[in-house]
Each structure stands twice: as C-alpha cells, then as structure tokens.
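Everything below concerns the one structure shown next.
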Amino acid sequence: DSNSMAVAAVVSPSAHLQTTVTHRSPRVPEFSKDEVADHCEIHSCWIIVCDKVYDVTNFTREHPGGLDVIMEYAGRDATVAFMDKGHSKDAWIVLSGYYIGELVKVSDNALTMGIGQDVHSLMLENA
Ligand code: HEM
C-alpha cells in the first residue's frame, strides 16, 4: 500500500544523488555507535569517519601509517585522528572503498537536550 512506500533521496558513497523508492527498509545500512563498537578487533575492525562507517578489516595490515594507529580507533570515531594526520585525497578514496553504511542519526531534539546517542540506543532497545 502507499503508506508503506517512501521516496527517499540517497547520497551514495560516490556522491551521486539518486532518487529511489524504498519499501520500508532503508537503502543504506545504518549502525549505532554500540554496533560499531562491537567491531574493535583485528579480525573485524570498523571505524567511523564523519558519521560514516567503514569496515577496514582488510586494510589494517596495508596501512602505510601502520596497523597500530588504526587499531587504536577500532570500533570508534577516528574522524579527528584521520583529519589531523592530513591524509591525501588518495587516502580518502581508499577509505571510501571500505564504506558499509551510516552512523544512525539522533533526532535534533535529543541532541539539543544533550542526551544524543544514549536516548537512541534506549529507543531501539525498547522498540
Ligand atoms: C582507517 C582508515 C585509514 C585509511 C584508509 C588511511 C589511509 C592512509 C594512506 C593511503 C596513507 C598514505 C599517505 C596518504 O595517502 O596520505 C596513510 C598514511 C598515514 N596514516 Fe592513515 N589511514 C587511515 C587511518 C589512519 C588513522 C586513524 C591514523 C591515526 C593517526 C592514521 C595515520 C597515518 C599516518 C601517521 C600516516 C603516514 C605514514 C607515513 O609516514 O608515510 N591513518 N594512511
């Protein structure tokens, strides 16, 4: 029925704007901070950069800057570290190859109240 259909504008990792029709399930996978945090090991290493989630498991050993600096951020937000190092455009392209989805957005209200991710996790748990 028409209620279960939604038209969504989705920005793909390659930054092409697409209009797509979805049937309740979101087109781009979304992960909570807790889900990302579960992937903090050498055999499964996810990181967050600019609210996007990357599975860099197969890259850690190839990283020109070394395995350790990435593992320091395994399961966590590496935005500041990644930016501070001043990675090249190539590094951003390499990173984009490991994109798996978006970090869940928290409602503006929750953010304004300063509660953020915690509230969203509770909502998911009680859904
Ligand atoms: C996980 C995503 C990451 C990717 C895809 C990535 C990619 C790269 C690439 C391609 C280079 C080669 C130089 C360049 O192109 O800029 C590089 C170098 C480097 N990266 Fe990363 N990097 C990542 C995360 C990090 C993090 C979290 C740190 C933490 C500080 C870091 C620190 C460095 C350092 C220090 C170098 C310089 C190595 C050298 O002396 O040549 N990288 N990275």
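Nothing in this text is a laboratory measurement; each read-out follows from the coordinates by a stated rule. Just so we're clear, the structure is a prediction, and the values are computed from it rather than from any experiment. Methodologically, a virtual Cβ is constructed for each residue, glycine included, from the backbone with ideal geometry; neighbour enumeration extends over all protein chains shown.
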Scoring only Lys, Arg, Asp and Glu (+1, +1, -1, -1) among other residues with Cβ under 12 Å from the Cβ of ALA37 yields -3
Tally the DSSP beta bridges in the range 31-102 and give the antiparallel ones as a percent, rounded to 5. 90
Excluding residues fewer than 8 places away in the same chain, name every one of the aspartates and glutamates whose C-alpha is closer than 15 Å to that of LYS52. GLU30, ASP34, GLU35, ASP77, GLU102
Contact order relative to length for the range 31-102, counting C-alpha pairs under 8 Å separated by 6 or more residues, stands in percent at 39
How much net charge surrounds TRP92 when only the other residues with a Cβ under 15 Å from the Cβ of TRP92 are counted, with Lys and Arg +1 and Asp and Glu -1? 0
